[in-house]
Amino acid sequence: TQSTRPQRLLNAVQKNATRGDPRSVVKAIDDFCRHKEWAMNVGDEKGCILDSVVSEINPAAVLELGTYCGYSTVRIARLLPPHAKLITLEFNPDFAAIARQVIAWAGLEEKVQLVEGASGDWIPKMKEQFGITTFDLVFLDHWKDRYLPDTKLMEECGLLRKGSVLLADNVICPGTPDYLEYIRSSPRYESRYFKSHLEYTKVEDGLEKSVFKG
Ligand SMILES: CCc1ncnc2c1ncn2[C@@H]1O[C@H](/C=C/CNC(=O)c2cc(-c3ccc(F)cc3)cc(O)c2O)[C@@H](O)[C@H]1O
Ligand SMILES: [Mg+2]
């Protein structure tokens, strides 16, 4: 049977990365996507911006929306302090299965809780299911038309505190116009655009970093 791109990406990790070495897992995926098959990981250029935001916040509780193959999950989790937790939501079971193996290869299972299901169903359950009060950082990288409804849902569920940071991928390409309009015009957020490029290409894209004012 034909393999899928995520399966071929996982094979590249298992072939080229060292078990327990997150940096080598990130490099193996970037090499695969740059030289073999493009895939929608945040990538190395935007990934460095993600790294700097994570390091600046030093978060205890992170939520990632849209795991895909686990590239950004590994990028974030490798920088987390001991006892910090990253919860990542993924509703495609095939992608979730690949991501679990990528996260395991990096040796980061202890820091990551991959939850299979739709963000809209799980965001309201975060407190009761995982004992989360608020998130210090949320990385939005799932369907682009879900960024805005899920942000409003997180507000309603009291999952954001004064200083919580939302970091959104792809605000230019493919684009998230309704989310950008909302977050940039809302008095409850301080937003900043980090200009970059679409992963593994020269096309413009960027990350929008928004701090919740409470
Ligand atoms: C229902 C809520 C919900 N709950 C839980 N999981 C959810 C979910 N909605 C989606 N997922 C999962 O998240 C991932 C989807 C991610 C969607 N990402 C892009 O579409 C994208 C595209 C380009 C690009 C493509 C082609 C181009 F030409 C240019 C750019 C570049 C990028 O960086 C991109 O992130 C998958 O694993 C979904 O299963
Ligand atoms: Mg993306």
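The values are calculated or read from the model by the stated rules, or taken from the named source; none is laboratory data. Since the structure is predicted, the reported quantities are computational estimates derived from the model, not experimental observations. Positions of Cβ are backbone-derived with ideal geometry, glycine not excepted, and every protein chain shown enters the neighbour counts. Please note that ligands, DNA and RNA were not included when accessible areas were found on the heavy atoms of the full protein model with its side chains. Shrake-Rupley method; radii C 1.70, N 1.55, O 1.52, S 1.80 Å.
In region 1-23, which residues are over 16 Å from Asp94 (Cβ atoms), of a type outside the set (A, V, I, L, M) and in contact (Cβ under 8 Å) with a residue 40 or more places away in the chain?
Residues satisfying the conditions are Gln14, Arg19, Gly20, Asp21, Pro22, Arg23.
Per-residue answers, yes or no, for (1) within 12 Å of ligand 1 (Cβ to nearest atom); (2) part of a helix (DSSP H, G or I); (3) more than 24 Å from Ala12 (Cβ to Cβ); (4) open to solvent by 10 Å² or more (accessible area, probe 1.4 Å):
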| residue | (1), (2), (3), (4) |
| --- | --- |
| Glu45 | yes, yes, no, yes |
| Ser55 | no, yes, yes, yes |
| Pro59 | no, no, yes, no |
| Thr73 | yes, yes, no, no |
| Leu86 | no, no, no, no |
| Leu89 | yes, no, yes, no |
| Asp94 | yes, yes, no, yes |
| Ala97 | yes, yes, no, yes |
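Starting from residues that are more than 11 Å from ligand 1 (Cβ to nearest atom) and charged (D, E, K, R), keep the ones in region 133-153 and report whichever is surrounded by the most Cβ atoms within 10 Å (Cβ to Cβ).
Within region 133-153, the match that is surrounded by the most Cβ atoms within 10 Å (Cβ to Cβ) is Asp136.
Within the group Lys85, Lys111, which residue is out of contact with any Leu (no Cβ under 8 Å at 6 or more places or on another chain) and among the basic types (Lys, Arg)? Full working, then the answer.
Values: Lys111 fails: out of contact with any Leu (no Cβ under 8 Å at 6 or more places or on another chain).
After ruling out the rest, the residue left standing is Lys85.
Do the conditions hold for Thr18, that is, is it within 16 Å of ligand 1 (Cβ to nearest atom), in a loop (DSSP other than H, G, I, E, B) and either open to solvent by 70 Å² or more (accessible area, probe 1.4 Å) or touching a strand residue (DSSP E or B) at 6+ places or on another chain (Cβ under 7 Å) (or both)? Don't jump to the end; show me each part of the working.
Details: within 16 Å of ligand 1 (Cβ to nearest atom): no; in a loop (DSSP other than H, G, I, E, B): yes; either open to solvent by 70 Å² or more (accessible area, probe 1.4 Å) or touching a strand residue (DSSP E or B) at 6+ places or on another chain (Cβ under 7 Å) (or both): yes.
Taking the combined requirement at face value, the residue does not satisfy it.
Looking only at residues that are within 16 Å of ligand 2 (Cβ to nearest atom), open to solvent by 40 Å² or more (accessible area, probe 1.4 Å) and under 19 Å from the mean Cα position of the chain (by Cα) in region 178-203, which one is nearest to Gly47 (Cα to Cα)? Quick ask: steps written out before the conclusion?
Taking region 178-203 and keeping what is within 16 Å of ligand 2 (Cβ to nearest atom), we get 179-180, 193-201, 203.
This time we only want the ones that are open to solvent by 40 Å² or more (accessible area, probe 1.4 Å), so: 193, 195, 197, 201, 203.
If we keep only those that are under 19 Å from the mean Cα position of the chain (by Cα) as well, we get 193, 195, 197.
Details: Tyr193: 15, Lys195: 12, His197: 11 Å.
Across region 178-203, the extreme among qualifying residues is His197.
Out of Ile183, Ile172, report the one residue that is within 15 Å of ligand 1 (Cβ to nearest atom), assigned to a helix (DSSP H, G or I) and aliphatic (A, V, I, L, M). Quick ask: steps written out before the conclusion?
Working: Ile183 fails: within 15 Å of ligand 1 (Cβ to nearest atom).
Just a single option satisfies the conditions, and that option is Ile172.
If you go through region 111-123 one residue at a time, do you hit one that is more than 10 Å from ligand 1 (Cβ to nearest atom), over 29 Å from Arg23 (Cα atoms), assigned to a strand (DSSP E or B) and not polar (S, T, N, Q)?
Just the residues of region 111-123 that are more than 10 Å from ligand 1 (Cβ to nearest atom), to begin with: 111-114.
This time we only want the ones that are over 29 Å from Arg23 (Cα atoms), so: none.
Looking through region 111-123, none of the residues is more than 10 Å from ligand 1 (Cβ to nearest atom), over 29 Å from Arg23 (Cα atoms), assigned to a strand (DSSP E or B) and not polar (S, T, N, Q).
For region 27-57, give me the residue count where each residue is more than 17 Å from Lys202 (Cα to Cα) and either among the β-branched types (Val, Ile, Thr) or in contact (Cβ under 8 Å) with a residue 40 or more places away in the chain (or both).
Selection size over region 27-57: 5.
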